[in-house]
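Worksheet for the structure shown next.
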Amino acid sequence: MKKGAHLYLHYHKNIRDKIIKRILVVEDNETNMYLISFILRKNRYEVIEARNGEKGVETAMREKPDLIIMDIQLPGISGLEATKLIRESEINNDISIIALTSYAMVGDREKALNAGCTGYIEKPIDPETFMAEIEKYL
Ligand code: MN
């Protein structure tokens, strides 16, 4: 490969990494997954989807996304347990984990923060404010 071509690719890889941030969404509810992914992609984020806690942890380790949106109630291990496992892993504290808590479940917010979540967003998701809330943590 010519030196120029190599520099070109290198430059573009860096640009891509800076501009396109990758967000892992861990959510078992298809309607919510669809809505969240749609909003994120529309705002030029790359979305990685996981539909249970185990896959969420596995994918977080492998992909090292820029941010994680974590539903609390998941089949298998909960979002709280998944968050703890991610926090104990080598990817650790650099990454923002935003919990999706249910409006009705008042205790969930406290539990989410105690488990290591950076913040939380209440469900049902408001498409008007969702992106602004997420971007506070990016
Ligand atoms: Mn759920």
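Observations, loosely collected:
- Among the residues making up the range 62-83, a single one is within 14 Å of the chain's Cα centre (by Cα) and among the polar types (S, T, N, Q): Thr83.
- Unique match (being under 14 Å from Ile23 (Cα atoms), under 12 Å from the mean Cα position of the chain (by Cα), more than 16 Å from the ligand (Cβ to nearest atom) and surrounded by 17 or more Cβ atoms within 10 Å (Cβ to Cβ)) among Thr59, Thr118: Thr59
- Qualifying positions in the range 84-112 - loosely packed, with under 14 Cβ neighbours inside 10 Å and either under 14 Å from the mean Cα position of the chain (by Cα) or assigned to a helix (DSSP H, G or I) (or both): Glu88, Asn92, Asn93, Asp94, Gly107, Glu110
- All positions within the range 29-56 that are of a type outside the set (A, V, I, L, M) and more than 13 Å from the ligand (Cβ to nearest atom): Tyr34, Ser37, Phe38, Arg41, Lys42, Asn43, Arg44, Tyr45, Glu46, Glu49, Glu54, Lys55
- Condition met for Leu74 (in a loop (DSSP other than H, G, I, E, B), buried (at least 17 other Cβ atoms within 10 Å of the Cβ) and within 14 Å of the ligand (Cβ to nearest atom)): yes
Any read-out appearing in this document is the output of simple, stated calculations on the displayed coordinates, not a laboratory observation. Keep in mind that what you see is a predicted model, and the values were worked out from it rather than measured. So basically every Cβ, Gly included, is an ideal-geometry build from the backbone, and we count neighbours across all protein chains shown.
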